[in-house]
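The values are calculated or read from the model by the stated rules, or taken from the named source; none is laboratory data. Note that the coordinates shown come from a computational prediction; the quantities given were computed from them, not determined experimentally. Every residue, glycine among them, receives a Cβ derived from its backbone with ideal geometry; neighbour counts consider all protein chains shown.
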Amino acid sequence: MSRAPAGPPAGATATTILHRVAFYETDAMGVVHHANYVKFMERARVLWMDEHHRPYTEYLERDLNFAVTRVEVDYRLPARFDDEVAVTVWLEWTRGASLRMAYALTLGDDLLVTAATEHAVVDGQGRVRRLPKEDRAALGKLTPASG
């Protein structure tokens, strides 16, 4: 099992969103329910695509999706109602038909969560498809190694 990094490495193309925790996102202990962090990460990932590559809707128009194949989440500290959590996302790698995004969620100077998601490119019927060559090349330039 690989561990998600605590923050973007040098050369990473990152996006950060702020999310104010709603009461309904907390559980009986008064902390953000663990499943909600994945939702926060998805919002950040879609915005990352919009800002640095192409809107996700353009993939949908081409009958392509990024299906989640793996989620790794390391919970370090809890977030609570009304906290403003910063969600930072960056692309770790891209391959022929897949990519991996990494995340760091913070509250002020405190690291709350580190995470990563892996995605397979699939068509509308769920069949794995290669990422188009031009997209693979463009995304490759956004990985830390290309920095």
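Counting residues that are β-branched (V, I, T), which strands (runs of 3 or more DSSP E) fully inside the range 48-147 reach at least 2? Explain how you work it out, then say what you get.
Working: elements: 64-75, 84-94, 98-107, 110-123.
Once the strands (runs of 3 or more DSSP E) in the range 48-147 are filtered for at least 2 residues that are β-branched (V, I, T), what remains is 64-75, 84-94, 110-123.
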Quiz prompt | Of residues in the range 74-91 being under 30 Å from A120 (Cα atoms) and touching a residue at least 60 places away in the same chain (Cβ under 8 Å), the one nearest to the chain's Cα centre (by Cα) | solution = V89
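Out of D50, D27, report the one residue that is free of Cβ contacts under 8 Å to residues at least 12 places away in the same chain, under 19 Å from T143 (Cα atoms) and surrounded by fewer than 17 Cβ atoms within 10 Å (Cβ to Cβ). Give the derivation first.
Values: D27 fails: under 19 Å from T143 (Cα atoms).
D50 is the lone residue from the list that is free of Cβ contacts under 8 Å to residues at least 12 places away in the same chain, under 19 Å from T143 (Cα atoms) and surrounded by fewer than 17 Cβ atoms within 10 Å (Cβ to Cβ).
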Exercise. Could you list all residues from the range 7-42 that are assigned to a strand (DSSP E or B) and hydrophobic (A, V, I, L, M, F, W, C)?
Key: A14, I17, L18, V31, V32
Exercise. May I ask you to say which residue of T143, T88, T117 is of a type in the set (S, T, N, Q), surrounded by 13 or more Cβ atoms within 10 Å (Cβ to Cβ), modelled with pLDDT under 95 and touching a Phe, Trp or Tyr at 6+ places or on another chain (Cβ under 8 Å)?
Key: T143
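Table: residues versus (1) within 22 Å of T106 (Cα to Cα); (2) modelled with pLDDT of 95 or more; (3) out of contact with any strand residue (DSSP E or B) (no Cβ under 8 Å at 6 or more places or on another chain).
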position	(1), (2), (3)
S2	yes, no, no
A6	yes, no, no
T15	yes, yes, no
H19	yes, yes, no
A22	yes, yes, yes
H53	no, yes, yes
R62	no, yes, yes
